[in-house]
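A quick write-up on the structure given underneath.
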Amino acid sequence: MNQLVRVKISALGTYVPPRLLTNIDLETMVDTTDQWITERTGIRERHIVDKGVATSDLGVEAAKKALAQRGITASDLNAIIVGTVTPDMLFPSTACLVQHKLGAANVWGFDVSAACSAFLYALQTGAQFIATGAHKKVMVIGADTMSSIIDYTDRATCIIFGDGAGAVVLEPSEDDSLGLIDFIHEVDGSGGCSLYMPGGGSLNPASHETVDRKMHFVHQDGGAVFKYAVRKMAEVCEILLQRNGLKGSDVDVFIPHQANLRIISATGDRLAVKPESVIVNIDRYGNTTAATIPLAMETARQEGKLKKGDLLLLASVGAGFTAGATLLRWAY
């Protein structure tokens, strides 16, 4: 068996649509207040697409920025993997649509559906193609247009989600001390009934009944999701750190999925990560599902907290239930 190649993130690009939906705006739409939303979630505003803008459009904009940063073209890529729970349509895949819009020649790709864990799952999937030597450059995108599946009369869900995208380029690392180190992924399908969209699939195909019953919107048991996320996000991180001989205080940058400020704070406290190392931008973007981790990477970079050689811990929990964590050393 050939020795595996170390894989690095060589470029990062992000994009959010310009239109804002603030807590003040939501006060006019549902029975809620800015203070109530902020205290319970940490969210103040979120970005929402205009009509006719789809997940592939967001992904393309993020991908263009990553390609420009790396100084390569779309046709230099070998594969495109898109993590999303809001594809433009059931088929073709969003990856196909992104490939076409980018004009990427001789590229293949596919989508990964893991809800809020989709970016981490797509990241590790793409990394295997690099590690085995099958590919030299893989684009991984986390993108979601959550506003397309949110009921804006349901205050339990409409206050949480926003739209956005992030993209990274994966390549072999010339320095074996830099790049992806280890990961852990888990699924627990028994939690599927706590966060799901029941309509539109083979079980409940679209019909007048499914539309009337609002089955094409997100349905969530907030209490069950919160309890699972608080426990599981810390748990997978602890396992990953321990098996690599590390502890929370060794982490330079902790980038958790941005679902709820209380979940982020509880996880950071349990891991004993330095408070200044925990990246938080949920106040500006809300929960963008597959896009939260790359968007938070960009926030860390803008705040001067992301430097070459830094030890990063990425973590997520999402519908499914899905959970995952990744350790890496930043390569540029």
Problem - region 183-332, relative contact order [Cα under 8 Å, separation at least 6], % - result: 32
Handout entry: Rounded to whole Hz, the Karplus (6.51, -1.76, 1.60) HN-Hα couplings of region 209-218, x for glycine and proline
Key = 5, 5, 5, 4, 8, 6, 7, 9, 10, 5
Exercise for the section: List the residues whose amide H sits under 5 Å from the amide H of ASP310, counting only those 5 or more places along or on another chain, with H placed 1.01 Å from N in the peptide plane. Expected result: TRP330
Exercise for the section: Report the percentage of all Cα-Cα pairs in the chain whose separation exceeds 35 Å, rounded to a whole percent. Expected result: 16
Handout entry: Whole-Hz couplings from phi, Karplus 6.51/-1.76/1.60, listed for region 141-152; x for Gly and Pro
Key = 10, x, 8, 8, 10, 5, 4, 6, 10, 10, 8, 7
Exercise for the section: Please give the per residue accessible area of the chain, computed with a probe of 1.4 Å over protein heavy atoms only, in Å². Expected result: 42
Problem - Most mobile of ILE141, ILE239, ILE159 in a GNM of the chain (Cα contacts under 10 Å) - result: ILE239
Problem - Charge dipole (region 1-153, unit charges on Cβ, about Cα centre) - positive-most of SER148, SER75, GLY52 - result: SER75
Fill in the blank from the handout: Mean-square fluctuation maximum in Gaussian network of the chain, Cα pairs under 10 Å, restricted to ASP212, ASP310, ASP163, hits ASP212
Practice task
Keeping the other protein chains in place, figure out the carbon and sulfur percent of the accessible area of the chain, with a 1.4 Å probe.
Solution key: 54
Completion exercise
Sorted by chain and then number, the residues having a modelled amide H within less than 5 Å of the amide H of GLY286, at least 5 places away or on another chain, are ARG44, GLU45
Fill in the blank from the handout: For region 49-61, Karplus-derived ³J(HN,Hα) couplings (6.51, -1.76, 1.60; θ = phi - 60°; whole Hz; x for glycine and proline) come out as 6, 7, 4, x, 9, 10, 4, 4, 5, 5, x, 4, 5
Exercise for the section: May I ask for the percentage of alpha-carbon pairs in region 64-177 that lie more than 19 Å from each other? Expected result: 48
Handout entry: Amide hydrogen neighbours beyond the local backbone of ALA104, cut-off 5 Å, H modeled
Key = none
Handout entry: Choice from LEU123, LEU90, LEU178 showing the highest fluctuation, given a GNM over the chain with Cα pairs closer than 10 Å
Key = LEU90
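Share of antiparallel DSSP beta bridges in region 1-129, in percent to the nearest 5? The partial results should precede the final answer.
Values: 3 of 8 bridges.
Counting only bridges with both partners in region 1-129, antiparallel ones make up about 40 percent.
Relative contact order for the chain: what percent, with Cα pairs under 8 Å and sequence separation of 6 or more?
Here the relative contact order equals 24 percent.
DSSP beta bridges in the chain, what fraction antiparallel, as a percent rounded to 5?
Details: 37 of 53 bridges.
Around 70 percent antiparallel, to the nearest 5.
The values are calculated or read from the model by the stated rules, or taken from the named source; none is laboratory data. Predicted model only: the values in this text are computed from it and were never measured. Quick reminder, even Gly has a Cβ in these numbers, built from the backbone with ideal geometry, and neighbours come from all protein chains shown. Just the protein is used for accessible areas: all its heavy atoms, side chains included, with ligands, DNA and RNA removed. Shrake-Rupley method; radii C 1.70, N 1.55, O 1.52, S 1.80 Å.
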